[in-house]
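Submitted below is the structure of interest, expressed as structure tokens.
The values are calculated or read from the model by the stated rules, or taken from the named source; none is laboratory data. Please read these numbers as outputs of a predicted model, since none were measured by experiment. A quick note on method: Cβ atoms are made from the backbone with ideal geometry, for glycine too, and the neighbour counts reach across all protein chains shown. Side chains are part of the model used for accessible areas, which takes the heavy atoms of the whole protein and leaves out ligands, DNA and RNA. Shrake-Rupley method; radii C 1.70, N 1.55, O 1.52, S 1.80 Å.
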Amino acid sequence: MVTPMQLLLNDYQAHDAINEGKAFANSNIALIKYWGKRDADLNLPITDSLSIHLPGLGTEASVRILDGDCHQISIDGFALGTDHAAFKGLNNYLTAISDITKHHYHLSLRFTIPVAAGFASSASCFASIALACNDLHQWNLSTKNLSIMARLGSGSACRSIEAGFCHWHAGESDNGLDSYATQLDLTWPELCIGLLHIDNTPKPYSSRLAMSHTQKTSFLYQAWPTQVAHDLKVVQQAINTHDFQALGETAEHNAESMHACMSSAKPALFYSQGNTLAAKAQVFKAREQGIPMYYTQDAGPNLKCLFLQHDLDAVLDVFPNLQVIQPFGDAGE
Ligand code: PMV
């Protein structure tokens with residue numbers, strides 16, 4: 001049977017590998033969420049989604065060919081044992097590649113973002129591995145194929161190959177070769193993302209498990225694809241016209257609707273903690289007081305606030321410890 005990775009690397013030619021392949025990939029935060037798969041093995045989504053990158057926050061991967069008969073993986077300098085929670089997914093990903101290249105690898109990962117806490121660390125992680133392998137083997141894969149390759153590790157990783165606003169097209173084909181992200185040719189220099197760290201310990205259940213449980217047991221999930229199609233149009237238009245209110249309202253509503261699907265699953269799934277709810281109440285109160293700010297939330301208790309640069313001081317009065325990122329600002333790309 002032809003594997004998805006074989007399909008992708010069909011034109012792979014055994015270029016001479018260099019000594020070490022290296023890459024950094026940014027994390028991305030979805031403004032329109034990906035929640036639910038039409039193919040769990042290939043990470044093919046039910047709907048499109050749209051994200052913004054977090055410059056400087058993500059994963060650095062370095063990969064070398066090993067003489068041994070198994071892969072070696074380290075995170076932040078520590079070798080992972082086979083019983084480590086992250087080992088299986090990473091090892092399977094490397095194995096899908098080594099089935100084609102016939103090499104084993106030493107993979108070293110460094111994170112500049114909390115891992116498995118709903119800050120999209122898996123997105124930057126698999127994007128950085130795909131980029132590093134491309135560098136190691138000098139494949140010169142297209143951005144599209146790198147996006148597909150990253151998606152095979154973790155769906156949202158396909159939106160971390162490029163920077164800026166990225167649109168993941170769900171695609172229709174069974175082999176997934178039309179399911180990848182493209183960068184919107186649009187910027188928004190005033191736009192700020194504030195990371196509100198509530199609890200950075202790893203989440204209680206993976207997004208993979210939570211997604212499949214929601215799809216199987218939540219009646220509300222039936223309405224999700226229709227809502228995403230609507231929200232996506234509104235957000236695309238809002239980005240085009242720099243309509244911040246439309247962007248914020250829709251992104252917040254989209255995230256809450258995803259979590260509503262989870263809380264209507266059987267049994268219910270919750271990523272929010274008491275402090276998450278308290279922070280949401282603070283955002284609502286800030287809006288009542290005339291501060292235009294919104295939030296989005298992924299598979300974890302932490303929030304990402306959305307606001308414009310000229311409201312930065314007012315927003316910092318509400319959340320003094322906010323980690324502020326300006327994706328298109330001086331620090332952005
Ligand atoms: O790519 P995964 O399997 O880590 O799923 C990501 C799911 C969300 O972060 C909740 C939404 C998204 O679109 O990033």
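So which residues in the stretch 192-232 are loosely packed, with under 15 Cβ neighbours inside 10 Å, within 16 Å of the ligand (Cβ to nearest atom) and aliphatic (A, V, I, L, M), if there are any at all?
Across the stretch 192-232, the qualifying residues are Leu209, Ala229.
Can you tell me which condition Gln237 does not meet? The list is (1) out of contact with any strand residue (DSSP E or B) (no Cβ under 9 Å at 6 or more places or on another chain); (2) within 16 Å of the ligand (Cβ to nearest atom); (3) closer than 26 Å to Thr187 by Cα; (4) not aliphatic (A, V, I, L, M), and all the others hold.
(2)
Okay, residues lined up against (1) assigned to a loop (DSSP other than H, G, I, E, B); (2) surrounded by 17 or more Cβ atoms within 10 Å (Cβ to Cβ):
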{"residue": "His259", "(1), (2)": "no, yes"}
{"residue": "Pro267", "(1), (2)": "yes, no"}
{"residue": "Tyr271", "(1), (2)": "yes, yes"}
{"residue": "Tyr295", "(1), (2)": "no, yes"}
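Assuming Ala127 fulfils every condition listed in (1) surrounded by fewer than 20 Cβ atoms within 10 Å (Cβ to Cβ); (2) within 19 Å of the chain's Cα centre (by Cα); (3) over 30 Å from Gln245 (Cβ atoms) apart from one, which condition is it?
(1)
Between a residue in the stretch 89-104 that is in the same structural domain as Ala157 (by TED's automatic domain parsing) and any residue that is in a helix (DSSP H, G or I) and of a type in the set (Phe, Trp, Tyr), which pairs come within a Cβ distance under 7 Å, given they are 6 or more apart or on different chains?
Tyr93/Phe126
Just give me the residues in the stretch 274-293 being more than 23 Å from Val235 (Cα to Cα) and either open to solvent by less than 10 Å² (accessible area, probe 1.4 Å) or within 16 Å of the ligand (Cβ to nearest atom) (or both), in sequence order.
Passing the criteria: Thr276, Ala279.
Since Ser173 meets every condition but one in (1) polar (S, T, N, Q); (2) open to solvent by 60 Å² or more (accessible area, probe 1.4 Å); (3) farther than 18 Å from Lys33 by Cα, which condition does it not meet?
The failed condition is (2).
If you don't mind, there's one more thing I want to ask. Out of Ala157, Ala150, Ala170, Ala163, I need the residue that is within 13 Å of the ligand (Cβ to nearest atom), of a type in the set (A, V, I, L, M) and in contact with a Pro (Cβ under 8 Å, 6 or more places away or on another chain). Which one?
Testing whether each residue is within 13 Å of the ligand (Cβ to nearest atom), of a type in the set (A, V, I, L, M) and in contact with a Pro (Cβ under 8 Å, 6 or more places away or on another chain) leaves just Ala170.
Taking into account only those residues within the stretch 19-33 that are assigned to a strand (DSSP E or B) and surrounded by fewer than 23 Cβ atoms within 10 Å (Cβ to Cβ), which is farthest from the ligand (Cβ to nearest atom)?
Top of the filtered list is Lys22.
Let me ask something else. Name the one entry in Asp76, Asp41, Asp48 that is over 25 Å from Glu256 (Cβ atoms), open to solvent by 30 Å² or more (accessible area, probe 1.4 Å) and within 16 Å of the ligand (Cβ to nearest atom).
Of the residues listed, the single one that is over 25 Å from Glu256 (Cβ atoms), open to solvent by 30 Å² or more (accessible area, probe 1.4 Å) and within 16 Å of the ligand (Cβ to nearest atom) is Asp41.
In this structure, is Arg64 more than 16 Å from the ligand (Cβ to nearest atom), among the basic types (Lys, Arg), modelled with pLDDT of 95 or more and in contact with a strand residue (DSSP E or B) (Cβ under 9 Å, 6 or more places away or on another chain)?
yes
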